[in-house]
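Heads up: the structure comes next, in structure tokens.
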Amino acid sequence: MNCSTTEASHSLKHVAIIMDGNGRWAKMRSHQRVWGHVRGSGVVANIVEKADDLGIDALTMYAFSTENWCRPQSEVKVLFALLHKFLIKESLRLLKNNIRFKVMGDISNLPIQTKNLIAQLEVETEKHSGLKLTFAFGYGGRNEIVQATNNFIKNNPGKELTEDALQEYLLIPDLGDVDLLIRTGGDQRVSNFLLWQIAYAEFYFTQTKWPDFTVNEFEEIINKVSTRERRFGDVSTSINLENNIEKAKLNKGLMRG
Ligand code: FPP
């Protein structure tokens, strides 16, 4: 269902997910780790569809970190294959639902067929105005910041780097700040994901391992977090993101005179 025009009942524009716990899920069932990835990949499409239905603006999913390159070759190959399969299976649905699809990260080591599929889907969906779906693949947050800084310096010799300028040099600037970061699998860490974008994010850690994560739990988390008070360093009780950012900008201007 295309919900790009749906009025969302929450203020969460950008949701990011660390899909963790696949390996342990499989081990608990006496299967090989990769079986967890296979089952986990089946959950991805359901969550994408739910995010779209809920009127979320951007959904960024951590599918493969720079650190994941250290995993056994056989496991890395399965993750590549699952990404490829997802693109084949879901591309029609992404097109039909007006979803903008992008991959962020270094995908140079992916098989050429998968890179071609990604490139094709990115082009075909680039003008779409619905959910911004991004897979972080071969991605690392520190690397993104360093790259953004270097590119800024290259293009602006002698100029001072500002927060706004750095934002413009991120891999996908229009995703904006993360409002909610969900991590499945029970661990409570950030693992080098969207380090710049999570500055004011709400965090939600669930014990549920990714292959068991359901659309119902996803919706429950969205509803729960929507009731949290987000002050962005202010003292007011307003949870309106835009209001607070506008207010902060205004105050900053007043301070500068
Ligand atoms: C973490 O589980 C998960 C990953 C490293 C990869 C996430 C990938 C998928 C959900 C499948 C890929 C699908 C698509 C469509 C891109 P882990 O292996 O670290 O689990 P553990 O913490 O239990 O060991």
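Couple of notes before you dig in:
- Loop-located trypsin sites (Lys or Arg not before Pro) across region 163-219 with a Cβ neighbour count of 15 or fewer within 10 Å are 189, with loop assigned by DSSP.
- Debye intensity ratio I(q)/I(0), log10, region 149-195, q values 0.14, 0.21, 0.26, 0.29 Å⁻¹ (C-alpha model): -0.49, -0.80, -1.00, -1.12
- Under a Gaussian network description of the chain, with springs only between Cα atoms under 10 Å, the residue in 104, 28, 61 that fluctuates furthest is 28.
- At 1.567 mPa s and 4 °C, Stokes D of region 27-71 from Kirkwood alpha-carbon radius, µm² per second: 103
- Over the chain, dividing the summed -39,500 (n - 2.57) contributions of all DSSP H runs of at least 4 residues by the number of residues returns a 222 nm mean residue ellipticity of -14500 deg cm²/dmol.
- Of the solvent-accessible surface of the chain, computed with a 1.4 Å probe and all protein chains present, 51% belongs to carbon and sulfur.
- The residue 127 and residue 30 beta-carbon pair, evaluated with R₀ = 30 Å, returns a calculated FRET efficiency of approximately 0.05.
- Scattering profile of the chain at q = 0.13, 0.14, 0.15, 0.17 Å⁻¹ [log10 I(q)/I(0), Debye over alpha-carbon scatterers]: -0.89, -1.03, -1.18, -1.48
- Rounded to the nearest whole Hz, the Karplus-based 3J(HN,Hα) values (6.51 cos²θ - 1.76 cosθ + 1.60, θ = phi - 60°) of region 139-147 follow the sequence 9, x, x, 5, 4, 4, 5, 4, 4, with x at glycine and proline.
- For region 54-173, the spherically averaged projection of the C-alpha convex hull amounts to 8.7 nm².
- Most mobile of 60, 162, 227 in a GNM of the chain (Cα contacts under 10 Å): 162
- All lysines inside 22 Å of residue 102 as judged from Cα atoms, apart from same-chain residues fewer than 8 positions distant: 13, 50, 77, 85, 89, 115, 127, 132
- A dipole drawn for region 82-161 from +1 and -1 charges on Cβ atoms has a positive end, and of 103, 125, 156 the residue lying farthest that way is 125.
- Evaluating 6.51 cos²θ - 1.76 cosθ + 1.60 at θ = phi - 60° for every residue in region 30-45, the Karplus couplings come out as 6, 9, 6, 3, 4, 4, x, 5, 4, 5, x, 5, x, 7, 4, 4 Hz, glycine and proline recorded as x.
- Accessible area per residue for region 1-112 is 49 Å², calculated with a 1.4 Å probe on protein heavy atoms, without ligands, DNA or RNA.
- Counting only the Cα atoms, region 1-117 fills a convex hull of 117 Å³ per residue.
- Comparing mean-square fluctuations of 37, 128, 14 from a GNM of the chain with C-alpha springs under 10 Å, the top value falls on 128.
- Residues whose placed amide H lies under 5 Å from that of residue 203, excluding near-sequence neighbours: 181
- Pairs of Cα atoms farther than 16 Å apart, region 66-135, %: 48
- Backbone geometry of region 67-72 corresponds, through the Karplus equation with coefficients 6.51, -1.76 and 1.60 at θ = phi - 60°, to 3J(HN,Hα) couplings of 5, 5, 4, 7, 6, x Hz, x marking Gly and Pro.
The values are calculated or read from the model by the stated rules, or taken from the named source; none is laboratory data. Just so we're clear, the structure is a prediction, and the values are computed from it rather than from any experiment. Ideal geometry is used to build each Cβ from the backbone, glycine not excepted, and the neighbour counts take in all protein chains shown. Ligands, DNA and RNA are excluded from the accessible area calculation, which covers all protein heavy atoms including side chains. Shrake-Rupley method; radii C 1.70, N 1.55, O 1.52, S 1.80 Å.
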